[in-house]
Amino acid sequence: MRAVAPDEANDPPLPGLRAHRDLVEALRRSQDGSPEEADARFRTAIAGYQTWGSPVYAARAHAAYGAWLLGQGRADEAESHLDDARTAYADLGAVAWLEDLERSVAAARVGS
């Protein structure tokens, strides 16, 4: 068993785990009134999932970020993320996720 250096103890070893951590933190920050931090964490999570090569998780992060951007009144910015999620869901055959995304987007548009 390899000893873990103190600076490695809190740093997940894989890009995917770091991206998961960033997405969870983005979602938390989006709820606690820290929009700048949420924005940065969403972007970092998406980049991490892309680096990791996970279209499924990247699409989920794009969808979450796009929905959050809509809620922030940033519809122009949201569209590219929502389109990326839609495209990935369609390519993956993830019909339920695509339908869920469209319901969320419609609800966000009605609420704004």
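The values are calculated or read from the model by the stated rules, or taken from the named source; none is laboratory data. Since the model is a prediction, treat every value here as computed from it, not as a measurement. Note that each Cβ is placed from the backbone with ideal geometry, even for glycine, and that neighbours are counted across all protein chains shown.
A few comments on the model shown:
- Those residues of the stretch 22-34 which are farther than 17 Å from Tyr57 by Cα and surrounded by 15 or more Cβ atoms within 10 Å (Cβ to Cβ), in sequence order: Arg29, Ser30, Ser34
- For first residues located in the stretch 47-74 and free of Cβ contacts under 8 Å to residues at least 60 places away in the same chain and under 15 Å from Thr87 (Cβ atoms), partners that are among the β-branched types (Val, Ile, Thr) and surrounded by fewer than 17 Cβ atoms within 10 Å (Cβ to Cβ) and lie 6+ apart or on another chain with Cβ distances below 9 Å form the pairs Tyr49/Val56; Ala59/Thr87.
- Residue that is surrounded by the most Cβ atoms within 10 Å (Cβ to Cβ), among those in the stretch 66-112 that are modelled with pLDDT under 95 and among the β-branched types (Val, Ile, Thr): Val105
- The criterion of being in a helix (DSSP H, G or I) and surrounded by fewer than 21 Cβ atoms within 10 Å (Cβ to Cβ) does not hold for Arg60.
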